[in-house]
Structures are given as C-alpha cells and as structure tokens.
Number of protein chains: 2
Amino acid sequence: MKTNPDNPVLYPQERKHAGDYFSASEVRLANRNAGIHLEMLEHDITPIGMHYLLSHFDIPSVPAKEMWRLDIGGLVAQPQSLGLSDLESYPALDQAVTLECAGNGRALLRPRWPNMPWCLEAVGTARWGGTSLGQILAQAAPDERATTVVFSGADTGVDAGHLHRYERALSIEDAMQEEVMLAWRINEQPLPPQHGFPLRLVVPGWYGMASVKWLQKITLTDQPFNGHQQANTYMYRQSEDDPGLPVSRIRVRSLMIPPGLPDYLTRQRVLEAGETHLMGRAWSGAGVDISRVDIAIQALDSPTGEALHADLEWLPAEMSDAANDRFSWRGWHHTWHASPGRYRLYCRATDSAGDTQPLDARWDRAGLGNNAVQRIDVWVEEQLPRLDEQ
Amino acid sequence: MKTNPDNPVLYPQERKHAGDYFSASEVRLANRNAGIHLEMLEHDITPIGMHYLLSHFDIPSVPAKEMWRLDIGGLVAQPQSLGLSDLESYPALDQAVTLECAGNGRALLRPRWPNMPWCLEAVGTARWGGTSLGQILAQAAPDERATTVVFSGADTGVDAGHLHRYERALSIEDAMQEEVMLAWRINEQPLPPQHGFPLRLVVPGWYGMASVKWLQKITLTDQPFNGHQQANTYMYRQSEDDPGLPVSRIRVRSLMIPPGLPDYLTRQRVLEAGETHLMGRAWSGAGVDISRVDIAIQALDSPTGEALHADLEWLPAEMSDAANDRFSWRGWHHTWHASPGRYRLYCRATDSAGDTQPLDARWDRAGLGNNAVQRIDVWVEEQLPRLDEQ
C-alpha cells in the first residue's frame, strides 16, 4: 500500500495544549457538535435538537430499513443477523436517561486540550425506546469464555492517523445490566439520522462514548479490546506517558439555568433586584440518588470582579420529587433575594454514594471528566431599562 | 433609573475585528448555535436537530398553549387576539423552505467580526405548516395608511447595550406575499421550543433574521421601523460610518457534501482514488430557479498546498429535478474520476436571474451575506489503510 507521507490526515502533527484563544479546528467542531441551551434544563425531557450530540465522523448513510441488519457474532453458539422488525418483537424497554459527553467542561480547563471545546452544554435527557441488550445477547448463546462485547458503529474516519470505525466495548457483566439497551426510538419518534438511525446502543450511567450510534455489529470475544476509541482516546491521563484509566461512569454534576437576561455576544447576564428563582438539574452516573444540591452566592467587587469574601456559604437547594427513572437527572430550585451588585453563583451536587463536585477542576490531559462546580456571573441592577416599545 | 456604570452588559466595550484565533465569546456562541452537518445535504428535508438555528437570546418560556395569544394591533380596524385554535381554523399552508442565516460564512472572512462564527453550516430546509400571514392580516382590516408590519418575538436580551425584544419589520407589500406564513408545525410536528414554539413567522426567500420566532405581537404602523435588529444589526456596511443597506433576500449559493472520510479534529478529508460521487444543494432567495451549478477541481502541490494551475476549469454539474417548492433548494451531482494527489474542489451556483456566486467574499464589516464559492480540500490516496478489524 502506498500513501502520501505529506498527507496530514494519515500522518498528523502532534497535538499540543492551547491557551486562551481557540483555533479554527476547535470552532469547526463547536459548529458541528451541538449542546443543550441551559435554559432548556426546565424540561424533564430534552427536546430533539437540544440534546447534546458528539459525532466523531460524518453521519453515515445507512441501508434502507428493509435491508439493514444487526449482526451478532464471535464467541456465540447462535450467530444472529437481525432486522429491525426482529428487534421490535422483543419486550419493549422505555426509560429516561441522562447522557453527558466525557468532554463536557473541557473548554474551561487551562491549558486546554485541542478537541471539541464544550463549556457545559454537553448533556441531555431523552426518553429512549427499544429493548434490553441482555435479552438479545442471550438469544445468541454466548460462549462461557466470552468476557468482552464489542459494539461497532457504521461511522468511519481518521483520528490521530488511525483510520477506523467507531467501536467501543463493555465487559460482558456490564453489557448484561438490565438498563443497557438497543434503542430505535427517542422521545416517541424513530431516531433521527444524527442520533444513530436506525439503531444505537444506550448505556445508562456511562458517559456518552459508550452509547455507540449507527450500531451494525456486536462481537463477543475473550480478548481485551484495544480499539482506538477504547485504548487511546477515552482515558483519564495526567500526562502523555501516563498509561491512564478508562473513562466509564458519569461523575456527579449539577447545572443551573443562568438567571436573568443574556448579552447576545458575551452571554453575560443581567437581572433586576428582587426575588429570583434559581433552578437546575443534577445527576450522577452511579445509578444512585442525588442526595443534595447546595447553592452559594458570592458578592464580587464591581470594578474588578474579585470576590469580596473568600469563603463560600453553602445553602441547600430544594429538591424536586425523585425522578421516576434511575438514570435520569433530578430537578432542584432555590429562591434568591437579589440586591443590586455583582455576584458569582455556584451549585454543587452530592450523590447518595457520597461523591460531590470539586470546586476546582481535577487535571486531566485531554480535558475529560471535568465535573467542577459551575459558576455563573450576574449583574443585578436596581431596575433595568424599560423594553423598547416601538 | 439607576444602573451600574461598570456593568459591561448595559455599557459594552467597543467590538473590534479579530484575526486568526477565536475568542471564548465566539466559541460560546458556536456551542449554542447549531448548524447542519453538510453530509445531511443528502436529505431533501433537513431532520429536526440538523436545521441550523440562531437564537439571539435565551429560548423563552411561553404560556401554556391554552393561555397563549397572538395580538394584532396598531393601524387596523379590527384588532385581533388569536389563540392557536383560531389560527388553525384558517386554510392550511404547507411548504418546503430553505432558510439560511445572513451570517453564514462569517468565520471565513478576514478580518472577522466578533459574532457567531459560522463556517458554512447555517442553512436547512424544513417543511413548514401553518397559514398565510396575508389572510390573518386581512381579517384585522389594515388601515390604508399602514406601510409597515412589525413582528415581536418573546425573546428578550441585551445587544450592544440595548435591552430589547427581538423584533423585525416587513413592508406591508412584502408581508402580504402569499408565501409569507405563520407556522406552527415543522416537518409534520409541533414546533420544538428552539424553533419558536408555539408560533413563528416564516419569510421564504429572506435570510433567517426575518423569520421571527416565538411570535407574540404584530403591529401595523405608518412609520419606518427602527428597532435594534432592523436598523443596527442586519445591515450591509463597508465601514463603521457607512449608513448601510438592509439585509433582505438570500444570495445565491451552492454547497457540496465533503467527499471521502474526515479527520476527527481538523475535518480534513481523505479518499481513495477512483469514481467519486460529488453532490450538494443550491438555492437562491430570489424565488427563481437555480439554472446551473458548476464544479471546478484544482490540483494542488502536495507539500505546499499551492495551486499547480491558477486557472479554474468549470464543468457543469447535473441538476436534479426542480424542487416542488419555489423556495426550496435544488440538488445537483457530478462524478469525479479522482487520481492520487491533493485537490481543491469548488462549486458555484447561478440562478435564473443571472446572479452567481463570487469566487472571493465581498467585504462586509459584520460578515453578512458572504456567498463566496465553497472550497473543500481533499487528499486522494491510491489506496487507504484497511479498516481495523478487531
């Protein structure tokens, strides 16, 4: 095989951390990969088009529905080749699941790894319809030597010089969990192309990289899986030569709907003094309850933006009724009597396993798993200018 | 009224043109405002969630459907206050409309105006359902002095220090065009929140700023409308002191689906030598046919990326059947026999009014109306590495 050694797709340059300004590559990724508008946290279920999406490569063209097959092979006694109508004949599973990208918050780290520059919008909760993966796997009669289940998507491209299909693996124990599903519906509709039409894996509790879209093949094996997206990209690493730990479950996090009105360009916020309703959502991929969300409101010095008091005073937010679904976020709210000035608002979730959000981001070389407490700066004015009446 | 003079939302700093690197503000806007993935140009109708969206402010919370009203007032004999069921009793209108943001292509201009840094993804074609605006206006019996129709959305915020609702106006002649519609359905579904639920204006042929989302009030007047989004933002200007010309209809444009496989980070493209199917869409807001799309394929020097020949040789693409709807894009395709090397691909549309895309962007201070010919750089290899088979 002969390839051109000047081709930077196949022979890429080394990636380097970046500082305060963003590159054209990062902006192209930000234009492609869409996130939730935080004000849409008001909805239990995120509307289609507002649920975050990260697609590594192009959205693939898939065969017509009648032609499409899911193949299950490898260490199984009964290899399967299933059409969508075969899958639909299994008992239905319908669950609200909060999914988050492992790179959420990457753009808030310094120095910043060049990749999709998510601020905090890479999250969403959808109602997924489909069937339990475990039932389908049981039908294939896995060999008892099988330890690993590899999921292959139809999406293909190059990353760091590796040409590959998007593929991820789960241990057979994780794959057999009752909540792990093959989904062909989202929010009562067929999957749109960008969400993995016609079929995707949904792994509740795990960061989104596990939920392989455009699923076309499942392979059982007794070997560890070392595909690029398993062994190279989604690893927590402190430094380049750190062998790393695999990214798996979603770390506990809460987000607040930014109160008041935005400035179009800067998204800075302004609001009128008085009773202000703060609300948001909290979740944890551990499949446990959110036990509390705490709020802190810090006065800032107007001209400099420095905190007037270093210590944060945390106040418990009121929690909404527990979510019906174990892997869905939970609402919270808090009333703030805002007086004129400049403030920084914080929210911090703690789950019933005792995990809580750090105030400052833990370092990760590729900006993964940053669940640091959100900060929102607001300007409170005694009164705002009246709306232009034309 | 007392506001804090240090508040940068109400008293913003002067905007300045930027160069090669993007600011955090631009990236926040890119994360919020989503565009089409160009490979989705394969669909006649853009799936929800892939149609571009630009929202100036937060998506507003709107009253429950039963409480919601559209008010029509000003210079009318019969002011109206209409519920959704009132609107639904008018004859239905259903049309496929290509909408594009006036800022599409802004990020490709140098120097670059700080605003949403669209590359080329701010476009989409939806099937809008609703009713003709003209019929509703006729019901209100406009006074013959009325010259201008002002459309007020529920979305509110600050831009360049102006606190305002999003409002735009049309001349009464433009507003009465049969294709101008009040839409409450998109692609056979109720509008999702981000597309203007429950009601939006759709002005076919015009850049998207005219199609006011979250419409709540229509006002007829005999005065020119000088709201911020009419008189300040959407104006073609050569320089700061240029009084400017209003942005209106969508300039002719074509886009190509980037062929081959992407690199995840840089979106550079690689493909195997051989027959390559190039395809895309073309449109013009003049409400006239696309008469032709031409393709040029330029060989580049591999190490430097310089063109080996300065002259472009244009070849006509094959046009798909004309779109059924006057304001919907039209497909085109072209077969390229690609041999190994590095190439720049161009596509250029011409409409039946004789307008064609410029090869290089016309200067506009705010990066508006940039319909310059698209360029896609690709690396063609004799053979690509085989896909990892795990």
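The values are calculated or read from the model by the stated rules, or taken from the named source; none is laboratory data. Nothing here was measured: the structure is a model prediction, and the numbers come from that model. Because the Cβ atoms are built from the backbone with ideal geometry, glycine has one as well, and the counts that use them run over all protein chains shown.
In region B:158-194, which residues are in contact (Cβ under 8 Å) with a residue 60 or more places away in the chain and either outside the structural domain of B:K217 (by TED's automatic domain parsing) or under 19 Å from B:A231 (Cα atoms) (or both)? B:V158, B:D159, B:A160, B:G161, B:H162, B:L163, B:H164, B:Y166, B:E167, B:R168, B:A169 - these are the residues of region B:158-194 that are in contact (Cβ under 8 Å) with a residue 60 or more places away in the chain and either outside the structural domain of B:K217 (by TED's automatic domain parsing) or under 19 Å from B:A231 (Cα atoms) (or both). When region A:266-279 is filtered for residues that are outside any loop (DSSP other than H, G, I, E, B), within 14 Å of chain B (Cβ to nearest Cβ) and not aliphatic (A, V, I, L, M), the ones remaining, listed by number, are A:R269, A:E272, A:H277.
Number of residues in region A:162-208 that are farther than 19 Å from A:T131 by Cβ, among the hydrophobic types (A, V, I, L, M, F, W, C) and either surrounded by 21 or more Cβ atoms within 10 Å (Cβ to Cβ) or more than 10 Å from chain B (Cβ to nearest Cβ) (or both) equals 1. If the condition is being assigned to a loop (DSSP other than H, G, I, E, B) and of a type outside the set (A, V, I, L, M), then region B:94-119 contributes B:C101, B:G103, B:N104, B:G105, B:R110, B:P111, B:W113, B:P114, B:N115, B:P117, B:W118, B:C119. Restricting to region B:51-75, count the residues that are free of Cβ contacts under 8 Å to residues at least 24 places away in the same chain and facing chain A (nearest Cβ under 8 Å). The qualifying residues number 1. Is one or more of the residues making up region B:116-128 over 30 Å from B:S320 (Cβ atoms), out of contact with any Ser or Thr (no Cβ under 8 Å at 6 or more places or on another chain) and in contact (Cβ under 8 Å) with a residue 60 or more places away in the chain? Yes: one or more hits.
Among the residues of region A:2-21, is there at least one that is in the same structural domain as A:L191 (by TED's automatic domain parsing), in contact with a Pro (Cβ under 9 Å, 6 or more places away or on another chain) and of a type in the set (D, E, K, R)? No, region A:2-21 contains no residue that is in the same structural domain as A:L191 (by TED's automatic domain parsing), in contact with a Pro (Cβ under 9 Å, 6 or more places away or on another chain) and of a type in the set (D, E, K, R).
Scanning region A:155-205 for residues that are among the hydrophobic types (A, V, I, L, M, F, W, C) and either on the phi > 0 side of the Ramachandran plot or in a strand (DSSP E or B) (or both) gives A:V158, A:A160, A:L163, A:A169, A:L170, A:M181, A:L182, A:A183, A:W184, A:I186, A:L201, A:V202.
Inspect region A:312-327 for any residue being touching a His at 6+ places or on another chain (Cβ under 9 Å), touching a residue at least 60 places away in the same chain (Cβ under 8 Å) and either small (G, A, S) or in a loop (DSSP other than H, G, I, E, B) (or both) and give the result as yes or no. Checked against the condition, which is being touching a His at 6+ places or on another chain (Cβ under 9 Å), touching a residue at least 60 places away in the same chain (Cβ under 8 Å) and either small (G, A, S) or in a loop (DSSP other than H, G, I, E, B) (or both), region A:312-327 yields no hits at all.
The residues listed here are A:S61, A:S25; of these, the one that is small (G, A, S) and touching a Leu at 6+ places or on another chain (Cβ under 7 Å) is A:S25. Residue count for region B:372-387 satisfying the condition of being acidic (D, E), at the interface with another protein chain (Cβ under 9 Å from one of its Cβ atoms) and either assigned to a strand (DSSP E or B) or touching an Asp or Glu at 6+ places or on another chain (Cβ under 6 Å) (or both): 1. Reported count of residues in region A:60-71, each being modelled with pLDDT of 95 or more, assigned to a loop (DSSP other than H, G, I, E, B) and in contact with a strand residue (DSSP E or B) (Cβ under 7 Å, 6 or more places away or on another chain), is 2. Looking at A:P12, A:P91, just one residue is part of a loop (DSSP other than H, G, I, E, B) and either touching a His at 6+ places or on another chain (Cβ under 9 Å) or buried (at least 17 other Cβ atoms within 10 Å of the Cβ) (or both), and that residue is A:P12.
The set of residues in region A:209-255 being of a type in the set (S, T, N, Q) and either crowded, with 20+ Cβ neighbours inside 10 Å or closer than 28 Å to A:T125 by Cβ (or both) consists of A:S211, A:Q216, A:T219, A:Q229, A:Q230, A:T233, A:S248, A:S254. The set of residues in region A:284-305 that are more than 17 Å from A:E382 (Cα to Cα) and in contact with a Leu (Cβ under 9 Å, 6 or more places away or on another chain) comprises A:D294, A:I295, A:A296, A:I297, A:Q298. Return yes when B:T335 is closer than 30 Å to A:R165 by Cβ, of a type in the set (S, T, Y), away from chain A (no Cβ under 14 Å) and buried (at least 16 other Cβ atoms within 10 Å of the Cβ) and no when it is not. In short, no. Checked against (1) modelled with pLDDT under 95; (2) more than 9 Å from chain B (Cβ to nearest Cβ), A:N4 passes all but condition (2). Would you point out the residue of region A:124-148, among those that are more than 12 Å from chain B (Cβ to nearest Cβ) and part of a strand (DSSP E or B), that is farthest from A:L84 (Cα to Cα)? Residue satisfying both the conditions and the ranking: A:T125.
All of (1) surrounded by fewer than 20 Cβ atoms within 10 Å (Cβ to Cβ); (2) away from chain A (no Cβ under 11 Å); (3) in contact with a strand residue (DSSP E or B) (Cβ under 7 Å, 6 or more places away or on another chain) hold for B:G153 with one exception: (1). Taking the numbered list (1) in contact with a Gly (Cβ under 9 Å, 6 or more places away or on another chain); (2) within 14 Å of chain A (Cβ to nearest Cβ); (3) surrounded by 18 or more Cβ atoms within 10 Å (Cβ to Cβ) in turn, B:D159 passes all entries but (1). Residues in region B:37-50 that are within 7 Å of chain A (Cβ to nearest Cβ) and closer than 16 Å to A:A34 by Cα: B:H37, B:E39, B:M40, B:P47, B:I48, B:G49, B:M50.
Taking B:A34, is it within 7 Å of another protein chain (Cβ to nearest Cβ) and more than 10 Å from B:G124 (Cα to Cα)? So B:A34 passes the test.
If you go through region A:234-272 and keep only what is aromatic (F, W, Y) and touching a residue at least 24 places away in the same chain (Cβ under 8 Å), you end up with A:Y234, A:Y236.
A:S302 fulfils the conditions (1) within 14 Å of chain B (Cβ to nearest Cβ); (2) surrounded by fewer than 16 Cβ atoms within 10 Å (Cβ to Cβ); (3) not in a strand (DSSP E or B) except for a single criterion, (2).
Of B:Y11, B:Y21, all but one fail to be aromatic (F, W, Y) and more than 7 Å from chain A (Cβ to nearest Cβ); the exception is B:Y11. From the set of residues in region A:46-63 that are under 13 Å from A:V123 (Cβ atoms) and not aromatic (F, W, Y), which is surrounded by the fewest Cβ atoms within 10 Å (Cβ to Cβ)? Step by step, filter region A:46-63, then rank; the result is A:L54. Of A:G285, A:G280, all but one fail to be among the small types (G, A, S), surrounded by 16 or more Cβ atoms within 10 Å (Cβ to Cβ), in contact with a helix residue (DSSP H, G or I) (Cβ under 9 Å, 6 or more places away or on another chain) and assigned by TED's automatic domain parsing to the domain that holds A:V373; the exception is A:G280.
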